[in-house]
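Asks: Here's a structure for you.
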Amino acid sequence: MKAVAKAHTNIALIKYWGKRNDELILPMNNSLSLTLDHFYTTTEVQFDEALQTDTFIFNGETASDSESAKISSYLDRIRQFAGVQMYAAVRSVNHVPTSAGFASSASGFAALAAASTKALGLDLDRKTLSILARQGSGSACRSVFGGFAEWEKGSRTDGSDSYAVPIMSKTEWDVRVLSVLLESNEKPISSRKGMKRTVETSPFYSGWLEAVDHELKEIKTAIRTKDFERLGKVAEANALKMHATMLGSHPPFTYWQSSTMAVMEEVQHLRDKGIQAYYTIDAGPNVKILCLPEDEQKIRDELENLEMVKGIYGCRPGPGIEYKEKLPSLG
Ligand code: DP6
């Protein structure tokens, strides 16, 4: 009744932004991501008849009530899926630089989906795991797979055709992602709330949806032909469009800070100097820079000169879900 699973975060190159069903987490558009090796979560789940409630220990400490409630309601879905009623003891270790703003629900829910179902003796295929991970956090469905993965939005109302599929394995193309840490503040508005407000109020949201299918086609061609310039251009344009929808929301909001824009500008300068670097930004101030291995050091050297840069974490394509014998020790 016990299992341990490890899942990595992913960075979306074509973003998921907006839901058509909040409860089942069904997206408005397909998205495409690269799973990253550097940031991951390992989770142990043990179901036990003797437990009176679910318990959740996060990085060695008892989780807050709101975190625990989220995990418990997710476990309810798993219990319903498996037809069991037992409570579980969950222990999770996050390998993400603390308070870096890189913490991701993607690795968390992908690891939880895998460990909890394995602990119940279920031997699920990746598609089913992706469907279950999606119901914890949308982006988690992509972390089931390594390398490049696409989340197909599906069309059914029950969500049975909304899951990620692998596009290219992690060993096939060594694209690098530099995660640039700029701020450790709490984000002003969660991605969940931000995308909801955008869908409901932004007149620019229809423009986002209109553009995304073409961008997806473009990025898939870039991946297939390993055309880095094409990949970077479309990823950057897609991120900018997503962020533009927020400015049209009511009330308007943005995740960018002045430091975010300074790094964006620096990336443009690097390109002017002939270095292939492109940025993408999620629901926070930090910037992720896409590059090829031969340019990584040059980009680091430039960025390290910027005062507002607090850390640079180099990532390579990472693996999908892995089952483990035990949790890693803390520290
Ligand atoms: C900007 O997957 O965190 O990172 O489904 O509500 O849990 P929920 O949202 P989440 O949103 C991720 C938004 C994004 C883009 C992306 O990862 O595709």
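Asks: Assuming Asp161 fulfils every condition listed in (1) more than 16 Å from the ligand (Cβ to nearest atom); (2) modelled with pLDDT under 95; (3) surrounded by fewer than 17 Cβ atoms within 10 Å (Cβ to Cβ); (4) not aromatic (Phe, Trp, Tyr) apart from one, which condition is it?
Replies: Going through the list (1) more than 16 Å from the ligand (Cβ to nearest atom); (2) modelled with pLDDT under 95; (3) surrounded by fewer than 17 Cβ atoms within 10 Å (Cβ to Cβ); (4) not aromatic (Phe, Trp, Tyr), Asp161 breaks only (2).
Asks: While we're on this one: Only one of (1) within 16 Å of the ligand (Cβ to nearest atom); (2) within 18 Å of the chain's Cα centre (by Cα); (3) not acidic (Asp, Glu) fails for Thr42. Which number is that?
Replies: (1)
Asks: In this structure, is Gly248 in contact (Cβ under 8 Å) with a residue 24 or more places away in the chain, within 16 Å of the ligand (Cβ to nearest atom) and surrounded by 14 or more Cβ atoms within 10 Å (Cβ to Cβ)?
Replies: Judged against the criteria, Gly248 is not a match.
Asks: Give the number of residues within the range 173-193 that are touching a Pro at 6+ places or on another chain (Cβ under 9 Å), modelled with pLDDT of 95 or more and within 11 Å of Ala283 (Cβ to Cβ).
Replies: So the answer is 0.
Asks: Output the qualifying pairs, or none if there are none: Cβ atoms under 6 angstrom, residues six or more apart or on different chains, first residue in the range 135-148 and part of a loop (DSSP other than H, G, I, E, B), second residue away from the ligand (no atom under 13 Å from the Cβ) and of a type in the set (A, V, I, L, M).
Replies: Sorted first by the residue in the range 135-148, then by its partner, the pairs are Gly147/Met168.
Asks: Mind listing whichever residues of the range 36-59 are surrounded by 17 or more Cβ atoms within 10 Å (Cβ to Cβ) and either touching a Ser or Thr at 6+ places or on another chain (Cβ under 6 Å) or outside any strand (DSSP E or B) (or both)?
Replies: Passing the criteria: Leu36, Phe39, Tyr40, Thr41, Thr43, Val45, Asp54, Phe56, Phe58.
Asks: Can you tell me which residue among Lys241, Lys233 is away from the ligand (no atom under 16 Å from the Cβ), over 30 Å from Ala3 (Cβ atoms) and in contact with a helix residue (DSSP H, G or I) (Cβ under 9 Å, 6 or more places away or on another chain)?
Replies: It is Lys233.
The values are calculated or read from the model by the stated rules, or taken from the named source; none is laboratory data. All values derive from a computational prediction rather than experimental measurement. Ideal geometry is used to build each Cβ from the backbone, glycine not excepted, and the neighbour counts take in all protein chains shown.
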